[in-house]
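Please read the structure below before turning to the comments.
The values are calculated or read from the model by the stated rules, or taken from the named source; none is laboratory data. For clarity, every value in this text was computed on a predicted model and none was experimentally measured. Here Cβ is always computed from backbone atoms with ideal geometry, including for glycine, and neighbour counts include all displayed protein chains. These accessible areas exclude ligands, DNA and RNA; they are computed on the full protein's heavy atoms, side chains included. Shrake-Rupley method; radii C 1.70, N 1.55, O 1.52, S 1.80 Å.
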Amino acid sequence: MSDSVINSFMDQPVERLQNIGPKRGVALATVGIGTIGDLFYYFPRRYLDRSTVVKISQLQENQEVTVVAKVLRFGIKKGRRNRFLLICTDGKSILTCVWFSKLTYWLRIFKVGEWLALSGKVTFYGGFQMTHPEFDRLGDDAEGEFVNTGKIIPMYPSNEKLTKVGLDSRGFRRVIRSLLKSYAAKVQEDIPDEIIERLKLMPISQALQNIHFPEDFAMLSQAQRRLKFDELFFMELMIAFRKQQFRSARGGISFEKVGDRVRTLVDKLPFELTDAQKKVLHEIRADMKSGRSMNRLLQGDVGSGKTIVALITMLIAVENGYQAALMAPTEILAEQHFITTHHLLEEIGVKTVLLVGGQNKKTRQAVLESVVKGEADIIIGTHALIQESVDFSNLGVVIIDEQHRFGVMQRATLRQKGLNPDVLVMTATPIPRTLSMTVYGDLDVSVLDELPAGRVPIKTYWRGQKQRSKIYHFVREKVAEGAQTYIVFPLVEETEKSDLKAATDSYEKMRSGFFADFKLGLLHGRMKSDEKDAVMASFKRGEIQILISTTVIEVGVDVPNATIMLVEHAERFGLTQLHQLRGRVGRGSKQSYCILVAYDPITAEARRRLDTMVETIDGFRIAEVDLELRGPGEYFGTKQHGLPDLKIADVVKDLNILKAARTEAFRLAQDDPQLLEHKDIGVRHYFVKNYRDKFDLAWVG
Ligand code: ADP
Ligand code: MG
């Protein structure tokens, strides 16, 4: 790397620093620090100053606090349970800290006379105590340095390996202080000046200085704002380029006509399309007609009628001489889509084939052949579609149902089976603002915001285990009146085994016991494809009255006559899952019921989920609560979406910074699509360096 490249010292190995030797290098690698740049971006986890410190005499029981105190003495105390005691003082009062494990280890850690910052929950046993507090060593002269000057002290995360080589929080302070002394002033801007000016961002060099050793809290907050902005800006820049690449006019298919058979199909449907469906089809049609590739997300709550939109989209492609593929996350769903499509389109001369994992060799071979020869017009399947052996003759449109079940890579693989085909991804999970700017940031969005007419709102209840038998009596009554019922058992462990057991055992018990006079069916993921198909078909025909199932029916399944959804161990399900399960009923014009049976212990969070389900059927509201409960990391599955890990920014809490970052990134991507005007400054360098693997830039060089 030449010296002319901006901030090239950031890429140097961290061992180049004077106070980092090979041993420390190895230890630093455990927290992902390999370069000088990594160390710059190793941010404190908390800050300590006088305003956050409480005097021992003012402590209260059960408070979570930080105390600054000097070590008086320590040692192991024998008793019913041996423990390590550390006695400290802040000059006036005494605080005792207790550890019950690694007793001899602590003997080596502390030093009489040293000042510590101790954080934890306060208890009172004849004096104030903290058990297993977090602590940070402040040194011998903290009284002068900290207590009097009111400085802000950064506290760094560390681990045992780091501590062994002197890199506890205090060690980090030393190393980073000297790093800043030598290099902070040299750090050059990595985003264009006009953005910094427009948003009044703190200069990068000052921000790095202040994130580690803030002059005051106002400066710290400015530093945080700047660094969060950078992180979000580069992420949005990547999203902007992804979107641009997709939209590039080159090679997108222009589907000239709608075609006569589309009208035939629409006329033949047993219902009128909703206004929302018509609106969305217009948006899709406009994309398809244009020469650029469609990259659209169709969002519509469970039961809003996404399938027919997908079907019409595929038929337009077929009318223009192309093939269309539809990928679904489960075999059951793929099979269902296949049946619907086949049923509607066969008589108008469209050939639909099904490709799933569980097919026998001969069938599979025949299907593959019809696809590669172009005899098959519409290909429906599971992820079996993206296997290497699958070749299309002329793939024009790709549709992905329940897209949140797939990763970006899987979507990309299917897309690559054609020459810039149009892509429509569908989901029932509504998208909070933050998601539409990140995970789905490169997609155009269409929303089905209307349910088909005549739907009766589902009645939802949640009940404890004591009421279980009452509930089952209710189900009996309803089934006798003709209601078809799902009874769902959760996936208990990550393996399917135990989940299978719960469902199978209950099936056997119910079949010979409580529900002996009804027709029961069993469905789980371990069954062979044709067994599953047979059970689903029989449920659909109304022959099976009660379907005992695992979560294989969670998404997509459409049996309008089913009106009861009973979920066992509902406390174990996530909100989105519960909402999806509930979406299996309420698809016709009859009153439907969703009954959630929860078993002790029910955590506060589980209770919140169950209450939310009872309170609302609005998928958007449910998604918001879900996001709040699970936090963005888990909710997004950022890695699966090919997005970077965020170190300092939080896409939910920092929504405003995210918005600004998105605006600026999209503007830059538009003004300077190859970052050529910015070739010499950091933005291009940084982008190429950090996003190369996440984004295949034709112009990277
Ligand atoms: P989802 O959006 O959950 O995938 P589906 O496409 O499975 O929903 O549709 C749910 C049910 O509504 C299906 O039985 C479908 O036939 C029916 N449906 C779809 N569109 C309409 C409409 N415009 N009017 C009445 N019923 C409709
Ligand atoms: Mg669906």
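Check whether at least one residue in the stretch 239-262 is free of Cβ contacts under 8 Å to residues at least 60 places away in the same chain, within 16 Å of ligand 1 (Cβ to nearest atom), part of a helix (DSSP H, G or I) and at negative phi, and report yes or no. Within the stretch 239-262, one or more residues are free of Cβ contacts under 8 Å to residues at least 60 places away in the same chain, within 16 Å of ligand 1 (Cβ to nearest atom), part of a helix (DSSP H, G or I) and at negative phi. Inspect all residues belonging to the stretch 405-413 and state whether any of them is within 16 Å of ligand 1 (Cβ to nearest atom), of a type in the set (Val, Ile, Thr) and assigned by TED's automatic domain parsing to the domain that holds Lys306. Within the stretch 405-413 (the criterion being within 16 Å of ligand 1 (Cβ to nearest atom), of a type in the set (Val, Ile, Thr) and assigned by TED's automatic domain parsing to the domain that holds Lys306), the answer is no, since none of the residues qualifies.
Can you work out which of the residues in the stretch 274-298 that are within 10 Å of ligand 1 (Cβ to nearest atom) and among the polar types (S, T, N, Q) is surrounded by the fewest Cβ atoms within 10 Å (Cβ to Cβ)?
Here is the first cut: in the stretch 274-298, the ones within 10 Å of ligand 1 (Cβ to nearest atom) are 274-278, 298.
So of that shortlist, the ones also among the polar types (S, T, N, Q) come out as 274, 277.
Working: Thr274: 19, Gln277: 21.
Per the criteria, the residue is Thr274.
For the stretch 104-127, the set of residues classified as among the aromatic types (Phe, Trp, Tyr), out of contact with any helix residue (DSSP H, G or I) (no Cβ under 6 Å at 6 or more places or on another chain) and in a strand (DSSP E or B) consists of Phe124 only.
Results for (1) under 27 Å from Gly300 (Cβ atoms); (2) outside the structural domain of Asp671 (by TED's automatic domain parsing); (3) touching an Asp or Glu at 6+ places or on another chain (Cβ under 7 Å); (4) among the hydrophobic types (A, V, I, L, M, F, W, C), shown as yes or no for each residue.
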residue: Pro214; (1), (2), (3), (4): no, no, no, no
residue: Phe217; (1), (2), (3), (4): no, no, no, yes
residue: Phe229; (1), (2), (3), (4): no, no, no, yes
residue: Phe233; (1), (2), (3), (4): no, no, yes, yes
residue: Leu269; (1), (2), (3), (4): yes, yes, no, yes
residue: Lys278; (1), (2), (3), (4): yes, yes, no, no
residue: His282; (1), (2), (3), (4): yes, yes, no, no
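Of these, Val585, Val567, which one is open to solvent by less than 10 Å² (accessible area, probe 1.4 Å) and within 16 Å of ligand 1 (Cβ to nearest atom)? Step through it out loud before you land on a result.
Working: Val567 fails: within 16 Å of ligand 1 (Cβ to nearest atom).
That would be Val585, the only listed residue that is open to solvent by less than 10 Å² (accessible area, probe 1.4 Å) and within 16 Å of ligand 1 (Cβ to nearest atom).
Inclusion of Arg511 among residues that are within 24 Å of Ser469 (Cα to Cα), modelled with pLDDT of 95 or more, part of a helix (DSSP H, G or I) and open to solvent by 10 Å² or more (accessible area, probe 1.4 Å) is not warranted.
Just to be sure before I move on: is Arg468 assigned to a helix (DSSP H, G or I), in contact (Cβ under 8 Å) with a residue 60 or more places away in the chain and charged (D, E, K, R) in the structure I sent? Write out each step before concluding.
Details: assigned to a helix (DSSP H, G or I): yes; in contact (Cβ under 8 Å) with a residue 60 or more places away in the chain: yes; charged (D, E, K, R): yes.
Against the criterion (assigned to a helix (DSSP H, G or I), in contact (Cβ under 8 Å) with a residue 60 or more places away in the chain and charged (D, E, K, R)), Arg468 qualifies.
Looking at Gly381, is it among the small types (Gly, Ala, Ser), surrounded by 20 or more Cβ atoms within 10 Å (Cβ to Cβ), farther than 26 Å from Asp301 by Cα and more than 16 Å from ligand 1 (Cβ to nearest atom)? No. Name the single residue, out of those in the stretch 18-62 being open to solvent by 60 Å² or more (accessible area, probe 1.4 Å) and part of a loop (DSSP other than H, G, I, E, B), that is nearest to Leu118 (Cα to Cα). Filtering first and then ranking leaves Lys55. The set of residues in the stretch 653-679 that are farther than 17 Å from Arg242 by Cβ, at pLDDT below 85 and open to solvent by less than 60 Å² (accessible area, probe 1.4 Å) contains only His678. Tell me, please, whether a residue that is β-branched (Val, Ile, Thr), without any contact (Cβ under 8 Å) to a residue 24 or more places away in the chain and under 20 Å from Arg170 (Cα atoms) can be found in the stretch 84-104. No.
If the condition is being part of a loop (DSSP other than H, G, I, E, B), within 14 Å of ligand 2 (Cβ to nearest atom) and on the phi < 0 side of the Ramachandran plot, then the stretch 282-303 contributes Asp301, Val302.
Per-residue answers, yes or no, for (1) β-branched (Val, Ile, Thr); (2) at pLDDT 85 or above; (3) exposed (fewer than 15 other Cβ atoms within 10 Å of the Cβ); (4) assigned to a strand (DSSP E or B):
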residue: Phe135; (1), (2), (3), (4): no, yes, no, yes
residue: Glu145; (1), (2), (3), (4): no, no, yes, no
residue: Gly150; (1), (2), (3), (4): no, no, yes, no
residue: Ser158; (1), (2), (3), (4): no, yes, no, no
residue: Lys161; (1), (2), (3), (4): no, yes, no, no
residue: Gly171; (1), (2), (3), (4): no, yes, no, no
residue: Arg174; (1), (2), (3), (4): no, yes, yes, no
residue: Leu179; (1), (2), (3), (4): no, yes, no, no
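Out of everything in the stretch 315-346 that is charged (D, E, K, R) and more than 14 Å from ligand 1 (Cβ to nearest atom), what residue ends up being farthest from Ser393 (Cα to Cα)? Step by step, filter the stretch 315-346, then rank; the result is Glu331. Taking each residue of the stretch 266-281 that is outside any loop (DSSP other than H, G, I, E, B) and looking for partners that are within 10 Å of ligand 1 (Cβ to nearest atom) and of a type in the set (Ser, Thr, Tyr) with beta-carbon atoms closer than 8 Å, six or more apart or interchain, yields Ala276/Ser304. Test of understanding: among Arg572, Arg526, which residue is more than 16 Å from ligand 2 (Cβ to nearest atom), closer than 25 Å to Thr427 by Cα and open to solvent by 50 Å² or more (accessible area, probe 1.4 Å)? Just a single option satisfies the conditions, and that option is Arg572.
Can you name the helices (runs of 4 or more DSSP H) wholly within the stretch 520-630 that have at least 1 residues being under 20 Å from the mean Cα position of the chain (by Cα) and of a type in the set (Asp, Glu)? Steps first, please.
Values: elements: 529-540, 575-582, 604-615.
Counting at least 1 such residues, we get 604-615.
Just one residue in the set Val318, Val302, Val266 is open to solvent by 10 Å² or more (accessible area, probe 1.4 Å), at pLDDT below 95 and of a type in the set (Val, Ile, Thr); that residue is Val302.
Going through the stretch 554-579 one residue at a time, which ones are touching an Asp or Glu at 6+ places or on another chain (Cβ under 8 Å) and among the small types (Gly, Ala, Ser)?
Pass one, the stretch 554-579, residues touching an Asp or Glu at 6+ places or on another chain (Cβ under 8 Å): 555-556, 574-577.
Within the stretch 554-579, Gly556, Gly574 meet the criteria.
Taken over the stretch 412-422, the residue count meeting the criterion of being open to solvent by 10 Å² or more (accessible area, probe 1.4 Å) and not in a loop (DSSP other than H, G, I, E, B) is 3. For the stretch 90-101, state whether one or more residues are more than 26 Å from Asp49 (Cα to Cα) and either open to solvent by less than 40 Å² (accessible area, probe 1.4 Å) or within 40 Å of the chain's Cα centre (by Cα) (or both). Yes: the stretch 90-101 contains one or more residues that are more than 26 Å from Asp49 (Cα to Cα) and either open to solvent by less than 40 Å² (accessible area, probe 1.4 Å) or within 40 Å of the chain's Cα centre (by Cα) (or both).
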